[in-house]
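Report on one structure; see the data block that follows.
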Amino acid sequence: MNNNRAFINPPHLSNEKSLKTLVENRTVYSLNHCELNLFETYESSALVPLKFNDLVVTSMLRGKKVMHLFDDPSFEYLPGETVVIPSNVEMKIDFPEATKTNPTQCLALAIDQTKITDTLQFLNERYPKEGNSQFWQLNYQNYFFYNNVELATTINKLIKECMSTSITKDALADLTLQELLIRIIQTQTAKAIDDGLFTDPKNPITQVVEFIRLNLKENISMKNLSEKACMSTASFYRLFKRELGMSPIEFVISEKIRCAKQLLKNPTIQINEVCYLSGFEDSNYFIRLFKKYEGITPKQYQLLYVN
């Protein structure tokens, strides 16, 4: 069980009388540079095809799907998760649990390629990454990830703008699209680090991440991390925040929580021991922080693996 995904506020379901179909009933909101599609399904079905002419950002809002994408194994798709799909790639979707009383609801945001190209060019010119071969770009191999709070907040803002009747909605949506692309790239980078796929030796973050993971029980400070990166504290903070969308200290805490979750899979280990081994000095603080990140206490998390 993983509770540290951020959920998007689902819009109201369509009125039953307005449904055109019970499988992937579609409501569309079109703007200058994007198109918001809301899909609802009210009956079980399998291998339903879907394809867009533009890059599409999809997020589950209600229920469960099973996604068949590229030549990869199929996977469950649940609320709090996002999938980014390149243009003209066909996905096939199962709806194993959809009923009239338990419909699925998913958003699919198609983004104009010109908007993506212009945004990435702006970022690479104004906020260049460290190293000659490092650029702001979407990673189409890293297409499935959990929403963090920042990404979910941005998607919520974009839904609001797309559904708005304001005359300024296109301008506001354009700004939010830029933010969304940044958040997706940051989330993909953070997931690549989690999966051990962020290994560029020229990027100072690679060395810093390795240092953090090897020294979780130590008192890690911003000074330690910036020295490891051979940068000033201010420059290192800006670099880290730009790459991952979180501060270095926030990343340290998330790594300690990740370590604690691995330790808690051992049914015999004591909570105090987990606290110490994952780098926390105070067990009460550890329990409060764990619950904030995971939604349940360390003991409750441990019991999930016992039962």
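Sorted from greatest to least, the principal axis extents spanned by the alpha carbons of the stretch 97-175 come out as 54, 36, 23 Å.
A simple spin-label model places pseudo-atoms 7 Å from Cα toward Cβ; at Val66 and Asn15 they are separated by 3.6 nm. With only the Cα atoms considered, the stretch 16-194 has a convex hull volume of 127 Å³ per residue. Which pairs break 27 Å Cα to Cα here: Lys129/Lys160; Lys20/Lys51; Lys92/Lys191; Lys65/Lys256; Lys65/Lys191? Over 27 Å Cα-Cα: Lys129/Lys160; Lys65/Lys256. Sorted fewest first by neighbouring Cβ atoms within 10 angstrom, Lys217, Lys261 come out as Lys217, Lys261. The aspartates and glutamates within cross-link reach of Lys157, meaning a Cα-to-Cα straight distance under 20 Å and a gap of 8 or more places when in the same chain, are Glu35, Glu81, Asp112, Asp170, Asp174, Glu179.
Length gained on full extension, Gln121 to Asn32: 30.1 nm, using 0.36 nm per residue less the C-alpha separation. The residues packed around Thr27, meaning those with a beta-carbon under 12 Å from its beta-carbon, carry a net charge of -1 if Lys and Arg are +1 and Asp and Glu are -1. Scaling the Cα radius of gyration of the stretch 204-306 by the globular reference 2.2 N^0.38 Å produces a ratio of 1.15. What is the spin-label model distance, in nm, from Val89 to Leu214 if the labels are put 7 Å beyond Cα along the C-beta direction? Modelled inter-label distance: 3.5 nm.
Rounded to 0.05, the FRET efficiency of the Thr165 and Asp194 pair, given R0 = 41 Å and the Cβ-Cβ distance, is 0.50.
With the cut-off at 1.5 for a/c, could you classify the stretch 245-285 from its C-alpha gyration tensor as rounded, prolate or oblate? Cα axes put the stretch 245-285 in the oblate bin. Only Cα pairs under 8 Å and 6+ residues apart enter the sum, and on that basis the relative contact order of the stretch 204-306 stands at 23 percent.
The residues Leu69, Leu19, Leu180, when put in order of fewest to most other Cβ atoms within 10 Å, stand as Leu19, Leu69, Leu180.
Our coupling estimate for the stretch 248-262, obtained by passing each phi through the Karplus curve with A = 6.51, B = -1.76, C = 1.60 and θ = phi - 60°, is x, 5, 4, 5, 4, 4, 5, 5, 5, 5, 4, 5, 4, 4, 5 Hz, Gly and Pro reported as x. The trypsin sites (Lys or Arg not before Pro) of the stretch 46-135 that meet both conditions, a loop assignment by DSSP and at most 12 other Cβ atoms within 10 Å of the site Cβ, are Lys51, Lys100.
Extension gain for the segment Leu175 to Thr297, taken as residue separation times 0.36 nm less the Cα-Cα distance, is 40.1 nm to one decimal. Across q = 0.10 Å⁻¹, the chain modelled as identical point scatterers on its alpha-carbon atoms has Debye log10 I(q)/I(0) values of -0.65, in the order of the q list. Computed from phi, the 3J(HN,Hα) profile of the stretch 228-241 under the Karplus parametrisation 6.51, -1.76, 1.60 (θ = phi - 60°) reads 4, 7, 6, 9, 5, 4, 5, 5, 5, 4, 4, 4, 5, 5 Hz, with x in place of Gly and Pro.
Counting only residues at least eight positions apart within a chain, or on another chain, the aspartates and glutamates with an alpha carbon under 18 Å from that of Lys228 are Glu130, Asp200, Glu210, Glu218, Glu243, Glu250, Glu255. Scanning the chain for chymotrypsin sites (Phe, Trp or Tyr not before Pro) that sit in a DSSP loop and have at most 16 other Cβ atoms within 10 Å, the longest stretch containing none of them is 141-307. The alpha carbon centroids of the stretch 211-272 and the stretch 143-194 are separated by 25 Å. Put in order of Cβ neighbour count within 10 Å, fewest first, the listed residues Asp195, Asp200, Asp94 become Asp195, Asp200, Asp94.
Placing a pseudo-label 7 Å from each Cα along the Cα-to-Cβ vector at Thr206 and Thr268 gives an inter-label distance of 4.0 nm. Scalar couplings 3J(HN,Hα) for the stretch 278-291, obtained by applying the Karplus form with A = 6.51, B = -1.76, C = 1.60 to θ = phi - 60°, are 9, x, 9, 9, 10, 5, 5, 5, 4, 5, 4, 5, 4, 5 Hz; x denotes Gly and Pro. Largest first and in whole Å, the equivalent-ellipsoid semi-axes of the stretch 32-112 read 20, 15, 10, each the square root of five times a Cα gyration tensor eigenvalue.
Just so you know, all these numbers are worked out from the coordinates, no wet-lab data involved. Being a predicted model, the structure only gives us computed values, none of them experimental. Cβ sites come from the backbone with ideal geometry, for glycine too, and all protein chains shown count toward neighbours.
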